[in-house]
There are 6 protein chains.
Amino acid sequence: MSSQDDQRPNARAREQRLGLVSRPRFEDYCEKYKHFKMERRNGILQVQMHTDGGPVIFNLHLHNDWPQLWMDIGNDPDNEVLIFSGTGDKWIGGFDRNLAEQPIHQMPADAFYDHIYWDATKLLEAADHAVLFDPHFGDLGAVPGDGQGLTFQELMGLKRAAYYLYTSDKIDAQTAREIGLVNEVLPLDRLLPRAWEIAEKIMKKPRTVRRLTSAVLRRPWKRLLVQDLGFHLGHELLGIRLNGGV
Amino acid sequence: MSSQDDQRPNARAREQRLGLVSRPRFEDYCEKYKHFKMERRNGILQVQMHTDGGPVIFNLHLHNDWPQLWMDIGNDPDNEVLIFSGTGDKWIGGFDRNLAEQPIHQMPADAFYDHIYWDATKLLEAADHAVLFDPHFGDLGAVPGDGQGLTFQELMGLKRAAYYLYTSDKIDAQTAREIGLVNEVLPLDRLLPRAWEIAEKIMKKPRTVRRLTSAVLRRPWKRLLVQDLGFHLGHELLGIRLNGGV
Amino acid sequence: MSSQDDQRPNARAREQRLGLVSRPRFEDYCEKYKHFKMERRNGILQVQMHTDGGPVIFNLHLHNDWPQLWMDIGNDPDNEVLIFSGTGDKWIGGFDRNLAEQPIHQMPADAFYDHIYWDATKLLEAADHAVLFDPHFGDLGAVPGDGQGLTFQELMGLKRAAYYLYTSDKIDAQTAREIGLVNEVLPLDRLLPRAWEIAEKIMKKPRTVRRLTSAVLRRPWKRLLVQDLGFHLGHELLGIRLNGGV
Amino acid sequence: MSSQDDQRPNARAREQRLGLVSRPRFEDYCEKYKHFKMERRNGILQVQMHTDGGPVIFNLHLHNDWPQLWMDIGNDPDNEVLIFSGTGDKWIGGFDRNLAEQPIHQMPADAFYDHIYWDATKLLEAADHAVLFDPHFGDLGAVPGDGQGLTFQELMGLKRAAYYLYTSDKIDAQTAREIGLVNEVLPLDRLLPRAWEIAEKIMKKPRTVRRLTSAVLRRPWKRLLVQDLGFHLGHELLGIRLNGGV
Amino acid sequence: MSSQDDQRPNARAREQRLGLVSRPRFEDYCEKYKHFKMERRNGILQVQMHTDGGPVIFNLHLHNDWPQLWMDIGNDPDNEVLIFSGTGDKWIGGFDRNLAEQPIHQMPADAFYDHIYWDATKLLEAADHAVLFDPHFGDLGAVPGDGQGLTFQELMGLKRAAYYLYTSDKIDAQTAREIGLVNEVLPLDRLLPRAWEIAEKIMKKPRTVRRLTSAVLRRPWKRLLVQDLGFHLGHELLGIRLNGGV
Amino acid sequence: MSSQDDQRPNARAREQRLGLVSRPRFEDYCEKYKHFKMERRNGILQVQMHTDGGPVIFNLHLHNDWPQLWMDIGNDPDNEVLIFSGTGDKWIGGFDRNLAEQPIHQMPADAFYDHIYWDATKLLEAADHAVLFDPHFGDLGAVPGDGQGLTFQELMGLKRAAYYLYTSDKIDAQTAREIGLVNEVLPLDRLLPRAWEIAEKIMKKPRTVRRLTSAVLRRPWKRLLVQDLGFHLGHELLGIRLNGGV
């Protein structure tokens, strides 16, 4: 493929010239989300989950903001490649149930729906990240139905997935690479630099090729999520509602 | 196809001669089910739902027996063709919630699972019957997820199904025939004689052809139920558990 | 189902009390879209396409705003039931290609992607409306791949769909009802009142039941669109790019 | 779409200029098939099944030639639109089992495979034609697994298909139109003229649009055949092999 | 998840109190099956295949009892976790064709159907076990269509599966773990203790969570079996019927 | 399985005796293809891609002949097992764009269709070969949509496939074996002898078993290609047409 011009500025210019409805701009949302820190250079957006600058403590607040975040990011044509990571040395540093004001299983019906069911069905594009264990069944006594179990089934094979979902055993980085969960295992301080290296290589290709390629690569995930996520999630939530907990 | 011998007695004779585990026999279960009256002639089994000899009043008892009934019938090699009907002039004459001892949404978790979720997943072979309205949404304020809504979607098209599931409107017999729910519309006293007429015609074909043909005809239903019934049912039960009712 | 309280105000109150990121509110977007007129009462949102108050003239402007509109509407928890219609006596009153500044097939690659490919993949929830002919092949010499052809295939059967897509013949309202495209045929002045009548009936059911029911009814459409829309659209756009036109 | 040039001659010219392997030409195969009469004008190929100039008598000869015919036709880039019909006043005039030298169920394994299983799996593109009854179960005592039953299931709905496949009842032309098997019902002498009228209308569109549109319209059929035809056919052949006949 | 009560006794108590049809009890079937030895403690059922107390010799008797066994086990609500194993140092110790009285390919049609086709379609829940080679093609000259080939395709990938199914090569335990067939490789005397250890850990979770989790984990298997097992099996049986053998 | 006779000669003899249309014979096509060298012994066909006897230089000529080759080979009943390889020490030795006379993205619409779109849709049976990197995105700036990307997604898992398709990194033979792309890694001079060894072992089984087994093993590939290849290819070609290149 011959050299190519950066076409991103065109999208915004056209938007204005033709008087089209404006799509979100980085400055509109880059500080909107308390638990997500963002920076962007040359079309590459880096998002880091955090709590007060350290490893994120997962809570209802973050759970609620999650789908809003993806809609802003996905609807901004200036975002070309996404780097998504935790902060410090942990992907997720813990769970805090306080913000919910009450245990999930005792929430009133519509709050349960608004913050647990409804939000989660927006996660279609977020499944493609490395995970190291699924705490639902083994640790929390819940059905592993929030999409991570589905990712396990797809990436590591059904028998391995059954094992790790029933036991909630930890998967170390080397094993994760061998069974197809991650592609590279690196020292912590090399992670983000290497991510930027790959992102910049991807940015060298034409914009439409990048986006059509992404459509090809996400196709099996979209199919999987439409086929199965509602079943998984419906079963997880029914289990919570019948048994209390989480 | 040339003439053929009735092969049914062979199955039982072989079972005995080879000392195989015996499968259920008609005399074992024909009087086991309080709400299902059965008679069988020449491999054709007629089952009628009833309550005290009149139109059946649907209740937890019947809901519980339903999958047991199908396992007995389906596992008896002497059952070749099934005629399934109501009694008198109604398919179902009403609903009685008393037997449940408490409203469904207040049942303890395991009773809820045992009698509502678990049972229903066994209905795979029962979806192929004519229905005239779905009361879930319009009448009961429940999600139409017990398999009837799925049958509507498959047989009448997605747009018509959405209409009848949201409105719970009645579908008269003539309309039912036009939109693909039933194949013949007959006076009440012609219904069972005509069913036997068709059944006897089917019985004239070789046993293995009958059974392989049935595999061909049920294939899309089995696929549909595996793909969607768990999703539908999980959503219906979650709706009940969040809102009370039914 | 017992009586139920209106739970909608809760969602907003919770959002504020817990300091969650605010989702779009009606006042934010009700006048944002030049070609869509909106009013909302009791959770029922009516949206009408128009151009200067008369039947809408389809153009690039509307094509661009379409997915933005659905994201605003779909992300506002106060929208419960949607009534979507044209204005006056026409669903769509004509096409205007001027706004594009140049014919679609001559657009630069990224504009082509931004306004034609990318937008259209957001239409997932918009396929569920009555249509009366598909002009692509018979009138415009284009591949019928924008989702309407897919809707025809699903609702009227593959053989009828092939016929109407190859011929671009008009389908009158009565035929549309018979082949499953629409459910009711009414005089023009009864259309919106009847739509409100049905919407108000739906609003009487519990909020979570309404939403879970909608998940059940939209499931086959989501699956269909994920499986096929990209194939259809890719083929339509390739045809445009190879042959000029539209 | 603007006017367009006839691009067909280009394909052959390029083939020669570049020294590419030559694809079949009409003159190579137009008289190769004893039971198929062909004529072609302006890219429109008309094929008529016949036996000695009258209605075709279906036999092993025709069964064997069927997939060869489709490979020749499908591989000739000069064939643009196909009109496929019977001869005289019948689609198929009868069956003749003599040519097989022995009943199908007694054929040696490899002949059975070569002429029955293997041939049939090539019929992918031939399913899109109107049929009026399926004789397998009701008349021949065979499993309806050769693709016609699958076509019934897809076009008329599962319940109607079960009825017509079990009974082998005749479907008259008017009913066939109402349930989605055919699109127009015409006097015999209007059939071919009307087919040419539609074909010529299709030929007015650009060649690549025609072919990409055909890819869109055949997609559900290809999926259906890959998913189900092998299952159907395997069951039909197993039934024949277990019971004799056909 | 907080501590939970053992809910199993409830199911039986309710059954009796409400006069529901009784589901199978352990004492009804624990000695019914000549080739399956069972013991159960605290909801964990251990089943061992055997012949006269040593490694099982696979025969028609076992083939026939297989689906009956699963129906008894699956229909008893007191069975919560299943441990399924061979006896001694072999999973299967050999094959004995004598009980069939005649070679499979010479069985009369209905015996062939009853004991080979019909039985096998009940194996839906049995696919989830470790296997070490598939003898069908390489050793027996048969089509590998009884479900094991399907399991290979799903668990080890299509290319590896093609290799092992064509060659019937042995897969050692270490390789089996690496390619996703088994999760742990242990000395023989640690196998059952480790299985009980995992089973008891699973039993600590709430009953409904366990069962809903199982629905999530089995979902891809059910889909796979409905989509493909009939095709595989039909082809295997057709091969046997055409070629003799097995 | 008992001994078996070689049934291949029967197919040809029957063809002649019954006056059936003759299928292609080896002598008809063995020298027809400039870039494919063929030899056949005992039903085993070895095909080697080459350019002037050395490693093949991929060009439009070869691209055009590819589907013609498979139709000849697949339609000749004397071909039982296929060994497909490169020549010398390379699978593919390079690319030559000269034969196209002009860059692909500037070809007239129908040439683009004839040689790029249309040809490729015939590759259904050709996906099952070992590949070591996909140059589309990383090297050529094109969407990886010609079927190789699809093969990567199926064989190595979605996350690994995304990695290798975005980076176009080389996969060495050992890694290829570990992630499921190839089954054996051998010195170059052992490759063809080992292929013949396996082929001869396969040829020892009955002809119909071989062919029905092949139907079972290819089933997931056919499904995958019908579901996804058109989407992939449509996106690749749209990317080429929008950006120039390749």
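The values are calculated or read from the model by the stated rules, or taken from the named source; none is laboratory data. The structure presented is a predicted model; accordingly, all values stated were derived computationally and were not measured. A quick note on method: Cβ atoms are made from the backbone with ideal geometry, for glycine too, and the neighbour counts reach across all protein chains shown.
Given the options D:Leu237, D:Leu242, D:Leu233, D:Leu229, name the one that is in contact with a helix residue (DSSP H, G or I) (Cβ under 7 Å, 6 or more places away or on another chain), surrounded by fewer than 23 Cβ atoms within 10 Å (Cβ to Cβ) and within 14 Å of chain E (Cβ to nearest Cβ). So that I can check it myself, show each step before the final result.
Values: D:Leu237 fails: surrounded by fewer than 23 Cβ atoms within 10 Å (Cβ to Cβ); D:Leu242 fails: surrounded by fewer than 23 Cβ atoms within 10 Å (Cβ to Cβ); D:Leu233 fails: surrounded by fewer than 23 Cβ atoms within 10 Å (Cβ to Cβ).
Answer to the check: D:Leu229.
Filter the stretch A:211-224 down to the residues that are more than 8 Å from every other protein chain (Cβ to nearest Cβ) and modelled with pLDDT of 90 or more and list them by number.
Residue satisfying the conditions is A:Leu224 alone.
Please indicate, with yes or no, whether at least one residue in the stretch B:103-123 is at pLDDT 80 or above and among the β-branched types (Val, Ile, Thr).
No: the stretch B:103-123 contains no residue that is at pLDDT 80 or above and among the β-branched types (Val, Ile, Thr).
Given the criterion under 23 Å from C:Glu197 (Cα atoms) and out of contact with any His (no Cβ under 7 Å at 6 or more places or on another chain), identify the matching residue among C:Val21, C:Val47. Give the derivation first.
On the way: C:Val21 fails: under 23 Å from C:Glu197 (Cα atoms).
The match here is C:Val47.
Taking the stretch E:206-225 only, how many residues are hydrophobic (A, V, I, L, M, F, W, C) and free of Cβ contacts under 8 Å to residues at least 12 places away in the same chain?
Residues in the stretch E:206-225 being hydrophobic (A, V, I, L, M, F, W, C) and free of Cβ contacts under 8 Å to residues at least 12 places away in the same chain: 4 in total.
Determine, yes or no, whether B:Leu233 is over 20 Å from the mean Cα position of the chain (by Cα), more than 23 Å from D:Tyr166 (Cβ to Cβ) and in a helix (DSSP H, G or I).
No, not satisfied.
Restricting to the stretch F:46-93, name every residue that is over 29 Å from F:Val21 (Cα atoms) and in a loop (DSSP other than H, G, I, E, B).
Across the stretch F:46-93, the qualifying residues are F:His50, F:Asp52, F:Gly53, F:Pro55, F:Val56, F:Asn59, F:Gly86, F:Gly88, F:Asp89, F:Trp91, F:Ile92, F:Gly93.
Touching a Leu at 6+ places or on another chain (Cβ under 6 Å) and of a type in the set (Phe, Trp, Tyr), is that true of F:Tyr29?
The answer is no for F:Tyr29.
Return the residues of the stretch E:185-210 that are facing chain A (nearest Cβ under 9 Å) and either in contact with a strand residue (DSSP E or B) (Cβ under 9 Å, 6 or more places away or on another chain) or surrounded by 18 or more Cβ atoms within 10 Å (Cβ to Cβ) (or both); say none if nothing qualifies. Show your work before the answer.
Applying the first criterion (facing chain A (nearest Cβ under 9 Å)) to the stretch E:185-210 yields E:198, E:201-202, E:204-210.
Passing the criteria: E:Ile198, E:Ile202, E:Lys205, E:Pro206, E:Arg207, E:Thr208, E:Val209, E:Arg210.
Just give me the residues in the stretch F:55-65 being touching a strand residue (DSSP E or B) at 6+ places or on another chain (Cβ under 9 Å) and more than 7 Å from chain D (Cβ to nearest Cβ), in sequence order.
F:Pro55, F:Val56, F:Ile57, F:Phe58, F:Asn59, F:Leu62
Tell me yes or no: at least one residue of the stretch A:37-44 is among the small types (Gly, Ala, Ser), modelled with pLDDT of 85 or more, crowded, with 18+ Cβ neighbours inside 10 Å and in a loop (DSSP other than H, G, I, E, B).
Checked the stretch A:37-44: at least one residue is among the small types (Gly, Ala, Ser), modelled with pLDDT of 85 or more, crowded, with 18+ Cβ neighbours inside 10 Å and in a loop (DSSP other than H, G, I, E, B).
Quick one: how many residues across the stretch B:32-68 are touching a helix residue (DSSP H, G or I) at 6+ places or on another chain (Cβ under 8 Å), touching a residue at least 40 places away in the same chain (Cβ under 8 Å) and of a type outside the set (Phe, Trp, Tyr)?
Taking the stretch B:32-68 first, the residues touching a helix residue (DSSP H, G or I) at 6+ places or on another chain (Cβ under 8 Å) are B:32-36, B:38, B:40, B:42-47, B:49, B:56, B:59-61, B:63-64, B:66-67.
Keeping just the survivors that are touching a residue at least 40 places away in the same chain (Cβ under 8 Å) gives B:32, B:42-44, B:46, B:49, B:59-60, B:63-64, B:66-67.
Still in the running and of a type outside the set (Phe, Trp, Tyr): B:32, B:42-44, B:46, B:49, B:59-60, B:63-64, B:67.
Final tally of qualifying residues: 11.
Just to be sure before I move on: is A:Val21 over 30 Å from A:Asp146 (Cβ atoms) and either among the β-branched types (Val, Ile, Thr) or buried (at least 18 other Cβ atoms within 10 Å of the Cβ) (or both) in the structure I sent?
Yes; evaluated as a whole, the condition is true for this residue.
I need a count of the residues in the stretch F:144-158 that are more than 7 Å from chain A (Cβ to nearest Cβ), of a type outside the set (Asp, Glu) and in contact (Cβ under 8 Å) with a residue 40 or more places away in the chain.
Qualifying residue count for the region: 2.
Being at pLDDT 75 or above, buried (at least 16 other Cβ atoms within 10 Å of the Cβ), within 27 Å of B:Leu60 (Cα to Cα) and touching a Ser or Thr at 6+ places or on another chain (Cβ under 7 Å) is the requirement here; does E:Glu80 meet it? Can you show your working first?
Details: at pLDDT 75 or above: yes; buried (at least 16 other Cβ atoms within 10 Å of the Cβ): yes; within 27 Å of B:Leu60 (Cα to Cα): yes; touching a Ser or Thr at 6+ places or on another chain (Cβ under 7 Å): no.
Criteria not met by E:Glu80.
Restricting to the stretch F:1-36, what's the tally of residues that are at pLDDT below 85 and either part of a helix (DSSP H, G or I) or within 14 Å of chain E (Cβ to nearest Cβ) (or both)?
So the count comes out to 17.
All but one of (1) touching a residue at least 12 places away in the same chain (Cβ under 8 Å); (2) surrounded by 15 or more Cβ atoms within 10 Å (Cβ to Cβ); (3) within 21 Å of the chain's Cα centre (by Cα) hold for B:Gly88; state the number of the condition that does not hold.
(2)
With (1) within 14 Å of chain C (Cβ to nearest Cβ); (2) more than 27 Å from B:Thr87 (Cα to Cα) as the list, and B:Tyr164 as the residue in question, which single condition is left unmet?
Failing condition for B:Tyr164: (2).
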